[in-house]
Amino acid sequence: MNSSILPTYRRSNLSFVKGKGSYLITKNGKKYLDFASGIAVNSLGHCNSELIKVLNNQSKKMWHISNAFQIPEQEELAKKLTTLTFADKVFFCNSGAESVESAIKIARAYHQIQKRKNKFKIITIKGSFHGRTLAAISASGQKKMVDGFKPLLDGFIQVEFGDHELIEKKIDNQTAAIMIEPILGEGGIKVVPNECLEGLRKLCDKKKILLIFDEVQTGVGRTGKLFSYQWSKIKPDILSTAKGIGGGFPIGACLLTNKISKGMKFGSHGSTFGGNPLACSVAKRVLEIISNKKFLNDVNQRATFFINKLEEIKYIYNNLIEEVRGKGFLLGIKCKINNSIFIEKLRNNGLLVIGASENVIRILPPLNVSKKDLKIALKIIEKTCIDINGKR
Ligand SMILES: *Cc1c(COP(=O)(O)O)cnc(C)c1O
C-alpha cells in the first residue's frame, strides 16, 4: 500500500471498525479478543459506557482552555492522585515520554535549586523503556532506539538488570537519581523483586539521591495494585504514569512529594494540552473505578486464575513456552520459538497480544475482562500450541 504515513511502525494488515469491551471487530464482522489493549491503555476495555458518559458530558461543556486559567477537573484529578498515593503534587502532560521527561527535569531541578549544580546524572536499567523523546531514549540507551539520533543527552548511566553492586559503584557526587520500571514492560516483563525496590530506596536515602519509578505501563491497576510500588514497603520520590490512566484518552502525569517539588516554580515547565478538562474528566472516572478495593481484589483474583492456567499450559507445551512471568494483568510468556510467529498464529486464531524484548509475548487484557473471556483466551492459546506442534 502506498501510505502517506511515515513508516515508523510495523503494522499488521488488520483494521477494525469497532471496539466493545474486550473485543475488536473488523469491517467483515470478525471478532478478535483484544489482550493487547492498545498497549496497556484501554484499561477498562473499548467504549466503556461509564467513560463514554463522562466524555460526552464534558465535551458539551468545555474541551480545552490552557493552563493560563483554573481547571477544576485537573484540580480534582490531582487531589484524587495525591490522596491515593505517596504524592503531594502532580504535573499533567499527554503521554508517557513526557511524564518521564518531567520526572528527569524535576529530579535535576531539585538538586540544582539547592546549589548542587553538578548533580545531574541518572542511573537507569539496561533494556528499560522510557519513551521516544531524546531524553527518554538517552535514559534507556537501547541501541535499536538511539542509533541514528546521536548525540544523546548527557548524564545517563545504564546498569545491567539485577546488578546491585554496580548500581552502588556507579553512584558518584554527580548522581541525581535512580530511575527504574518496577516491572520492565517493553523490556520483556521482568519483575524487579520487592526486596530490590526496598534495597534501592535504602541506597538512595544513604546517598541522598532520588528514586524515580516509571510506572507508565505498570500503573493504574495493571499489576493488581493502583501503582506497582504499592506491592512493596517503600515509596518513590517521583513517579511517572500515563498509558492506562485515561482508559484510552491521552493523558500523562508526573507525581512527586512536596519536598521534591522545591525546584519547580512558575515558568519552569509546561504543556499546552497538559491537564485539559476532557482528559482529566475521563481519567478521574477511570481512577474512581480502578482504585476501588473491590475492583482491585477482583483483578487479582481473575489474574491469579489466568496465571495458574497459563502455568498449566506451559507445563504441557514446554517445548514452546519457557516461562510465564509478570504480575496481575501485566503478563509475559517467554517463548522457545520465535515470539512474532507465535503472536501471528494467536492472531489468526482470534487473540490479539503484543511482543516484548527477550522473545516474550505480552498479554495485557483490559482490567475488567470477564472470567469467560479469560477462558476463551486460554482455549485459543492452547489451540495455537497444538497447531504449532502439529505442524512439526
Ligand atoms: C510506553 C512507555 C513509555 C512511553 O509512553 P508514550 O506514551 O509512548 O510516550 C514510557 N515508559 C514506559 C515504562 C512505557 O511502558
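The values are calculated or read from the model by the stated rules, or taken from the named source; none is laboratory data. The structure displayed is predicted, hence computed values, not measured ones. In this analysis, Cβ positions are derived from the backbone assuming ideal geometry, glycine residues included, and neighbour counts consider all displayed protein chains. Keep in mind that these areas ignore ligands, DNA and RNA; they rest on the heavy atoms of the full protein, side chains included. Shrake-Rupley method; radii C 1.70, N 1.55, O 1.52, S 1.80 Å.
Scan the range 30-50 for residues that are on the phi > 0 side of the Ramachandran plot, away from the ligand (no atom under 16 Å from the Cβ) and either modelled with pLDDT under 95 or open to solvent by less than 40 Å² (accessible area, probe 1.4 Å) (or both) and report the count. Outline the logic, then answer.
Narrowing the range 30-50 to residues on the phi > 0 side of the Ramachandran plot: 37-40, 45, 47.
Those still in the list that are away from the ligand (no atom under 16 Å from the Cβ) too: 45, 47.
Checking the rest, the ones that are also either modelled with pLDDT under 95 or open to solvent by less than 40 Å² (accessible area, probe 1.4 Å) (or both) come to 45.
Summing the residues that are on the phi > 0 side of the Ramachandran plot, away from the ligand (no atom under 16 Å from the Cβ) and either modelled with pLDDT under 95 or open to solvent by less than 40 Å² (accessible area, probe 1.4 Å) (or both) in the range 30-50 gives 1.
Here is a check on your reading of the model: is V286 out of contact with any Cys (no Cβ under 8 Å at 6 or more places or on another chain), of a type outside the set (G, A, S) and not assigned by TED's automatic domain parsing to the domain that holds A97? No.
Can E186 be described as acidic (D, E), in contact with a Phe, Trp or Tyr (Cβ under 7 Å, 6 or more places away or on another chain), open to solvent by less than 10 Å² (accessible area, probe 1.4 Å) and within 16 Å of the ligand (Cβ to nearest atom)?
Values: acidic (D, E): yes; in contact with a Phe, Trp or Tyr (Cβ under 7 Å, 6 or more places away or on another chain): yes; open to solvent by less than 10 Å² (accessible area, probe 1.4 Å): no; within 16 Å of the ligand (Cβ to nearest atom): yes.
Against the criterion (acidic (D, E), in contact with a Phe, Trp or Tyr (Cβ under 7 Å, 6 or more places away or on another chain), open to solvent by less than 10 Å² (accessible area, probe 1.4 Å) and within 16 Å of the ligand (Cβ to nearest atom)), E186 does not qualify.
Among the candidates F129, F149, the residue that is modelled with pLDDT of 95 or more and closer than 24 Å to A242 by Cα is uniquely F129. Among the conditions (1) open to solvent by 40 Å² or more (accessible area, probe 1.4 Å); (2) among the aliphatic types (A, V, I, L, M); (3) not assigned by TED's automatic domain parsing to the domain that holds F227, the only one that I313 does not satisfy is (1).
Search the range 51-60 for residues being open to solvent by 70 Å² or more (accessible area, probe 1.4 Å) and polar (S, T, N, Q), and hand back the single one that is nearest to I343 (Cα to Cα). Steps first, answer last, please.
To start, the set of residues in the range 51-60 that are open to solvent by 70 Å² or more (accessible area, probe 1.4 Å) comprises 52-53, 56-57, 60.
Still in the running and polar (S, T, N, Q): 56-57.
Values: N56: 36, N57: 39 Å.
Filtering the range 51-60 for residues that are open to solvent by 70 Å² or more (accessible area, probe 1.4 Å) and polar (S, T, N, Q), the one nearest to I343 (Cα to Cα) comes out as N56.
Can you pull out the residues in the range 295-310 that are closer than 16 Å to L331 by Cβ and open to solvent by 70 Å² or more (accessible area, probe 1.4 Å)?
The initial filter retains those residues of the range 295-310 that are closer than 16 Å to L331 by Cβ, namely 299-310.
Passing the criteria: Q301, T304, N308, K309.
Taken together, I381, I361 contain a single residue that is among the hydrophobic types (A, V, I, L, M, F, W, C), under 23 Å from the mean Cα position of the chain (by Cα) and within 21 Å of A303 (Cβ to Cβ), which is I361. Restricting attention to the range 98-118, the residues that are free of Cβ contacts under 8 Å to residues at least 40 places away in the same chain and surrounded by 22 or more Cβ atoms within 10 Å (Cβ to Cβ) total 1.
Checked against the criteria, D163 does not count as away from the ligand (no atom under 16 Å from the Cβ), surrounded by fewer than 23 Cβ atoms within 10 Å (Cβ to Cβ), in contact (Cβ under 8 Å) with a residue 12 or more places away in the chain and of a type in the set (D, E).
For residues in the range 119-129 being closer than 16 Å to E181 by Cβ and of a type outside the set (S, T, N, Q), which is farthest from the ligand (Cβ to nearest atom)? Per the stated criteria, the residue is I123.
When we screen R116, R132 for residues that are basic (K, R) and within 15 Å of the ligand (Cβ to nearest atom), the only hit is R132.
The residues listed here are N348, N389, N318; of these, the one that is surrounded by fewer than 16 Cβ atoms within 10 Å (Cβ to Cβ), within 25 Å of F16 (Cα to Cα) and more than 23 Å from the chain's Cα centre (by Cα) is N348.
Filtering the range 228-266 to residues that are assigned to a loop (DSSP other than H, G, I, E, B) and either among the aromatic types (F, W, Y) or within 12 Å of the ligand (Cβ to nearest atom) (or both) leaves A242, F249, P250, I251, F266.
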